[in-house]
1. Using alpha carbons only, how many angstrom separate the centre of the range 139-186 from the centre of the range 1-49?
2. Write down the percent of antiparallel bridges among all DSSP beta bridges whose residues are both part of the chain, to the nearest 5.
3. Taking the beta-carbon count within 10 Å as an exposure proxy, list Met54, Met8, Met26 from fewest neighbours to most.
4. Under a Cβ-Cβ cut-off of 14 Å, what is the net charge of the residues other than Lys121 that fall near it, where Lys and Arg count +1 and Asp and Glu count -1?
5. Where the Cα atoms of the range 1-83 are projected onto their three principal axes, how long is each span, largest first, in whole Å?
6. Arrange Thr47, Thr60 by Cβ neighbour counts within 10 Å, fewest through most, would you?
7. By the scheme Lys and Arg +1, Asp and Glu -1, what is the net charge of all other residues having a beta-carbon under 15 Å from that of Asn149?
8. Please identify every one of the trypsin sites (Lys or Arg not before Pro) in the range 97-132 that sits in a loop by DSSP and has no more than 14 other beta carbons within 10 Å of its own beta carbon.
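Here, each number is a calculation from the coordinates, and none is a lab measurement. Because the structure is predicted, anything quoted here is derived from the model rather than measured. Glycine also receives a Cβ, built like all others from the backbone with ideal geometry; neighbour counts cover every protein chain displayed.
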Amino acid sequence: MRKLKLQMQMSADGFVGGPDGQLDWMTGDMDPEQLKPLMELTNSMDTIVMGRKMADGFTTYWEDVADNQPHNPEHPYAQIFVDTPKIIFSKTVNAVKGRNVTVENGDLVSAINALKQKEGKDIIVYGGAGFVSSLIDHKLIDELFLFVNPVALGAGLRIFKGRTGLKLTRSAAFKNGVVLNEYALL
């Protein structure tokens, strides 16, 4: 059975976005060592899932990098993200602009469990916060890859609504102060 893996940036005090969803707090200088687990994670998946609020910015950004920025260090990731099928979960829209995008309006639990049963590589979820919270609440995420940035926000968006059991499976610190903590959801 395929796994659903979460990759997300997080502040040291547990926020995944500022009070209005801001992401300007993320460490901008990438340690080359961070690319190794990112590439492992990217190579382990063949499907991306996300919530509607995350979808527009995600598809627009990566399509622009893939189409117009061949010298950008993120270009290899951009091409993968553009080419990979993306399933956008929404209760309010039936279509979202972008290449290789489909919208899922059905029951979240049933749809994710059906995706996990299909043949293929693992599935990755990138956000947004509300969508990820729903996945966590329903215990649908198998592995969490949390990149903890060396900043405390004091307020913002969280993905954990209450006590959630996690098992640490790996941790790595990078020279830029970011720490990758990999967890299994208990």
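1. Here the answer is 9 Å between Cα centres.
2. Details: 14 of 36 bridges.
Antiparallel bridges make up about 40 percent of those DSSP assigns within the chain.
3. Working: Met54 21, Met8 18, Met26 15.
Fewest-to-most Cβ neighbours within 10 Å comes out as Met26, Met8, Met54.
4. For residues surrounding Lys121, the net value is -2.
5. In descending order, the Cα extents are 36, 33, 31 Å.
6. Values: Thr47 20, Thr60 12.
Least crowded to most crowded, the residues run Thr60, Thr47.
7. Spelling it out: positives minus negatives among the neighbours equals -2.
8. Here the sparse-neighbourhood loop sites are Lys97, Lys118, Lys121.
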